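Down below is the structure, laid out as structure tokens.
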Amino acid sequence: MYIPVAVIAIIIIALFFEFINGFHDTANAVATSISTKSLEPYQAISIAAIFNLIGALCGTAVAVTIAKGFADPALATNGVIFSALCAAIIWNLVTWYFGIPSSSSHALIGGLVGAIMFNNSWHVINFATVVTKVMLPMVISPILGFSVAMLIVILIHKLLKDNTQPRKTNNFIREMQVLSTAFLSFSHGTNDAQKTMGIITLTLFSSNMIPTCVVPTWVIIACAICMALGTLSGGAKIIKTLSTRVAQLKPANGFASEISSALLLFIGSRFGMPLSTTHAVAGSIMGAGNMGQFGVNWGIVKNIVIAWVLTFPVCAILAGGCLQLSKTFF
């Protein structure tokens, strides 16, 4: 079967985005376990890579939302998809450079919506899906993460209030953090990897290479591998921001944070919601840190929230600019 050069180029760029997504969002899965010294950085990143890979192979509900939830798939031309990916990659690299934990998910969706809108009009966008599956979760997920993490910390403290062996208990919780890191990494893989699967599926469909927007098996495997490889590459700047600058966490707080965010992402994946791992994790760290001895660095939080707010519109505008440039090639 003949594959157009433009399609091959977009698939390569999409897989590159998935690789960047892996190292950009590594911090989300490993920051708390590194902060509490439950795991060495290389151990945490290795666990994250393995379970990102496993998670990415499980399910395609989020991919379907990306492929056909925001507009008619026929409107997603090669130029539109190329522009969306370029905008998301630029934003990810800029925020990574400054160590800001922004959302790869919202960067990609903002770029896709913006490119389709600039190429057609705002009327073609399914704003109901944008609001219910992107905007509302963008606000609700960090709030839920904050609240659930706080409740888990309170529960742990109540269970351990008569504890006479704090050192032994801390060591046990550190061991449990290995499991919570694995669960969070799995949940991250099930949600984030599917976004690129959706983009590649959209490209294949709009190029008449597949009959329906059903994710091919090879796309699932390729995206899973690229995310895992990206995770292995690190993302040290953002790890530092989440592990030390937002809040100083003890083992119990770190465990609560990871369980809270993992549950949110796992549930979101089941309902096809492209949640932001960054929002869920950062909100959970804030909630767990708020119950800790040192509290939360709200100055850093303010900068993170500003980046969250800017991500969608900036990437939409970037995609519009990339679209104009791409017309030379597509």
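Just so it is clear, none of the values below were taken in a lab; they were calculated from the coordinates. Keep in mind that this is a model prediction, so the values were computed, not measured. Here the Cβ positions follow ideal geometry from the backbone for every residue, glycine too, while neighbour counts run over all protein chains shown.
When both the range 126-190 and the range 193-231 are represented by their alpha-carbon centers, they are found 29 Å apart. Label separation (ILE12 vs ILE54): 3.4 nm, computed from points 7 Å beyond Cα along the C-beta direction. If you take the alpha carbon atoms of the range 47-168 and fit the smallest convex hull around them, that volume is 169 Å³ per residue.
Arranged from fewest to most other beta-carbon atoms within 10 Å of their beta carbon, ILE116, ILE125 become ILE125, ILE116. Listed from fewest to most Cβ neighbours within 10 Å, the set CYS226, CYS58 follows the order CYS58, CYS226.
The residues MET117, MET197, when put in order of fewest to most other Cβ atoms within 10 Å, stand as MET117, MET197.
Gain in length, ILE306 to MET209, computed as 0.36 nm per residue apart minus the alpha-carbon separation, to one decimal in nm? Don't skip to the answer; put the middle values down first.
Numbers: separation 97, 0.36 × 97 = 34.92 nm, distance 4.02 nm.
Roughly 30.9 nm would be gained on extension.
Could you identify which residue out of ALA87, ALA49, ALA222 has the top mean-square fluctuation in a GNM of the chain using Cα springs shorter than 10 Å? The residue that fluctuates most here is ALA222. Computed from Cα atoms, the angle from the helix 78-97 axis to the main principal axis of the chain rounds to 30 degrees. For the pair THR132 and GLN165, a Förster radius of 45 Å applied to the C-beta separation gives a FRET efficiency near 0.40, rounded to the nearest 0.05. Shown for the chain: cysteine residues without a partner Cβ closer than 4.7 Å, namely CYS58, CYS213, CYS223, CYS226, CYS315.
Max-minus-min Cα coordinates of the range 1-103 on each principal axis give 49, 31, 26 Å, with the largest extent listed first.
Could you work out how far helix 5-35 tilts from the main Cα principal axis of the chain, as a 0 to 90 degree angle to the nearest 10? The two axes meet at around 10 degrees.
Across the chain, the longest piece that holds none of the trypsin sites (Lys or Arg not before Pro) lying in DSSP loops with up to 11 other C-beta atoms within 10 Å covers 162-326. Seen against the Cα atoms of the chain and their longest principal axis, helix 298-326 is set at about 10 degrees. Our summary of shape: the Cα atoms of the chain have principal axis extents of 68, 36, 32 Å, ordered from largest down, in whole angstrom.
Computed from point charges on the beta carbon alone (+1 for Lys and Arg, -1 for Asp and Glu), the dipole magnitude for the range 5-326 about its Cα centre is near 720 Debye.
Assuming 0.36 nm per residue, please report the length gained on full extension of the stretch HIS123 to TYR42 beyond their Cα-Cα distance.
In short, 24.4 nm is gained.
Pull out the extension gain between LEU325 and LEU179, defined as 0.36 nm times the separation in residues minus the alpha carbon to alpha carbon distance; nm, one decimal. Write out the running numbers ahead of the final one.
Working: separation 146, 0.36 × 146 = 52.56 nm, distance 4.62 nm.
Residue separation times 0.36 nm, minus the Cα-Cα distance, leaves 47.9 nm.
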